Amino acid sequence: IEWLLQTATSKQQVIITFFGGKVYTNEAAGSQASRLSFAGEYLGGDASLLISDLLLTDTGEYHCKVKSVGKYHWSHVNLIVLVKPSKPRCWMDGKLLEGSDVKLSCKSSDGSDPISYKWERVLDKGKSPGKLPNLSLIDLKNPEIVTLRNLTMESTGVYRCTASNDVGEENCTIEVTMQHVRDVGMVAGAVVGIYLGVLIVILIIWLVFRKKEKKKYEEEETPNEIKEDAEAPKAKLVKPNSLSSSRSGSSRSGASSTQSMVHNSIQRGHRPRPPAVAALKENGHPPGFPQSPPAYTAVVPPKTPEPPNTPKFNTRNMSGPTPPTLMVPAQTKAFQTV
């Protein structure tokens with residue numbers, strides 16, 4: 001017993017054989033080989049064939065060849081497998097702009113031929129179908145494709161594609177919306193404006209941080225300039241209670257030294273020089289003293305007795321100037337500069 005299969009896409013080939021008490025299947029048949037078997041008592045002459053898990057690819061013309069008593073007997077049967085269309089896939093090509101054209105397509109991947117397709121517009125949220133817009137164009141060679149021309153607000157909505165054959169049907173839906181050209185321009189302008197605004201803000205923040213870093217760097221790199229003032233006068237601290245004694249002692253020593261200088265100059269026959277007067281600044285203040293002028297008090301040196309061994313002389317015969325009066329600044333603070 002032999003069974004042969006011929007399909008529209010392949011030549012006739014043996015798929016199963018009984019010979020010599022054994023059953024053989026053709027591995028070249030692919031997945032069908034594991035699904036083939038004899039349905040009856042093939043040893044008693046029943047050559048019925050069983051195909052399990054029938055598929056669409058099993059469609060074709062089957063030939064049965066039986067050899068009995070040296071004679072061959074032939075028979076054939078056509079098998080058509082009907083499969084419900086698989087759920088189609090809907091998609092759209094084109095821009096959803098006012099006045100443009102949009103192409104709607106749908107396709108089922110599986111299903112026995114012939115499969116017919118039908119497009120319709122869904123109204124009332126899918127409860128009732130409606131007609132396609134007046135400017136719609138249906139391709140007669142490919143009914144699964146429909147073109148919506150000159151898109152308007154009336155063209156918007158939900159569209160449904162139905163794929164059907166003798167076994168059943170399946171459908172898919174797609175929604176068509178429309179954007180005005182003006183709206184698209186406004187959206188594009190708004191997006192560009194937002195991007196520019198963000199870039200400007202980032203640039204300002206970067207400039208501020210850059211300026212702060214530059215200022216900090218300049219402060220760290222600039223050396224500290226230290227200006228040296230004039231040398232301060234040497235000062236001697238004097239206690240307040242010893243101020244009067246120091247003042248009187250200095251006055252006496254100044255007077256004694258002045259008289260001694262006058263006396264020695266007369267003995268030598270020289271005219272005494274007038275005492276040097278401290279030069280004052282243009283503002284009237286001596287250097288090294290505070291800005292406010294100190295108060296002065298006149299101190300008259302006391303008369304000292306003439307030394308016993310020194311010859312007397314007549315002061316009237318002296319043509320030199322009288323000894324100057326020593327001016328001592330009055331004590332105004334807790335210590336005095338000597």
Residue check, Ser68 surrounded by fewer than 16 Cβ atoms within 10 Å (Cβ to Cβ) and over 30 Å from Ser37 (Cβ atoms): no
Test: residue in the range 55-78 that is under 14 Å from Ile16 (Cβ atoms), of a type in the set (Lys, Arg) and in contact with a strand residue (DSSP E or B) (Cβ under 6 Å, 6 or more places away or on another chain): yes
Elements of type strands (runs of 3 or more DSSP E) contained in the range 1-94, each with 3 or more residues being farther than 30 Å from Ile174 by Cβ: 2-6, 13-19, 22-25, 36-38, 49-51, 60-68, 71-79
Filter pass, Ser112 being touching an Asp or Glu at 6+ places or on another chain (Cβ under 7 Å), of a type in the set (S, T, N, Q), surrounded by 14 or more Cβ atoms within 10 Å (Cβ to Cβ) and part of a loop (DSSP other than H, G, I, E, B): no
Condition check for Ser164: in contact with a strand residue (DSSP E or B) (Cβ under 8 Å, 6 or more places away or on another chain) and under 30 Å from Leu82 (Cβ atoms): yes
Every pair of residues 6+ apart whose Cβ atoms lie under 6 Å, when the first sits in the range 146-157 and is in a helix (DSSP H, G or I) while the second is surrounded by 13 or more Cβ atoms within 10 Å (Cβ to Cβ): Ser155/Pro133; Ser155/Leu148
Selected residue [more than 51 Å from the chain's Cα centre (by Cα) and modelled with pLDDT under 90] from Ser100, Ser68, Ser136: Ser68
Scan of the range 42-80 for residues that are farther than 30 Å from Gly111 by Cα and not small (Gly, Ala, Ser), ordered by number: Tyr42, Leu43, Asp46, Lys65, Val66, Lys67, Val69, Lys71, Tyr72, His73, Trp74
Identity of the residue in the range 10-41, under 16 Å from His63 (Cβ atoms) and surrounded by fewer than 16 Cβ atoms within 10 Å (Cβ to Cβ), that ends up modelled with the lowest pLDDT: Ser10
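The values are calculated or read from the model by the stated rules, or taken from the named source; none is laboratory data. The structure presented is a predicted model; accordingly, all values stated were derived computationally and were not measured. Please note: Cβ atoms are built from the backbone with ideal geometry, for glycine as well, and neighbour counts cover all protein chains shown.
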